[in-house]
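The values are calculated or read from the model by the stated rules, or taken from the named source; none is laboratory data. It should be emphasised that the depicted structure is a prediction, and the values quoted were computed from it without experimental measurement. Cβ placement follows ideal geometry from the backbone for every residue including glycine, while neighbour counts extend to all protein chains displayed. Keep in mind that these areas ignore ligands, DNA and RNA; they rest on the heavy atoms of the full protein, side chains included. Shrake-Rupley method; radii C 1.70, N 1.55, O 1.52, S 1.80 Å.
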Amino acid sequence: MTHEDLAEMLSISSQAVSRWETDAAMPDISLIAPLCSIFDISADELLGIDTANIEEKVHTICNEASSFSSRGYLDEACKILDDGLNRFPNHPKIIYELMYLSYMQYNACAERQRLDDAIVY
């Protein structure tokens with residue numbers, strides 16, 4: 001496919017396509033869906049996003065946090081997950097793990113309070 005062919009399909013100039021190819025410019029966001037359709041690829045693939053790599057990194061983050069939380073270091077586990085959420089915003093697995101840790105911290109605080117109450121009596 002030539003620059004002219006692609007430009008005609010997208011109703012843009014062939015110079016614009018040439019600038020994309022040389023990294024002098026990027027396509028307008030409104031062209032992402034048509035480009036994916038033309039090339040029969042996903043938006044992630046078009047934009048060079050490696051979702052498998054992301055999931056592997058998220059899995060590593062969650063495992064690291066779990067290793068700390070299983071030893072009672074809940075604050076450190078939360079910090080690891082917070083950092084992970086900064087790297088991968090709104091990732092459901094990290095959010096779930098943070099919610100679970102919040103629950104664990106709440107229960108840990110409740111248990112400490114019960115122990116304090118027991119000591120007083």
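Counting only helices (runs of 4 or more DSSP H) that sit completely within the range 22-85, those holding 3 or more residues that are among the hydroxyl-bearing types (Ser, Thr, Tyr) correspond to 51-69. Out of all the residues in the range 25-48, is one or more under 30 Å from Lys93 (Cβ atoms), at pLDDT 90 or above, of a type in the set (Val, Ile, Thr) and open to solvent by 80 Å² or more (accessible area, probe 1.4 Å)? So far as the range 25-48 goes, yes, one or more of its residues are under 30 Å from Lys93 (Cβ atoms), at pLDDT 90 or above, of a type in the set (Val, Ile, Thr) and open to solvent by 80 Å² or more (accessible area, probe 1.4 Å). Within the range 68-77, the presence of a residue that is open to solvent by 50 Å² or more (accessible area, probe 1.4 Å), under 17 Å from the mean Cα position of the chain (by Cα) and small (Gly, Ala, Ser) is excluded.
Taking first residues from the range 64-90 that are closer than 19 Å to Tyr106 by Cα and partners that are open to solvent by less than 40 Å² (accessible area, probe 1.4 Å) and of a type outside the set (A, V, I, L, M), the Cβ contacts under 7 Å between residues at least 6 apart in sequence or on separate chains come to Ala77/Ser69.
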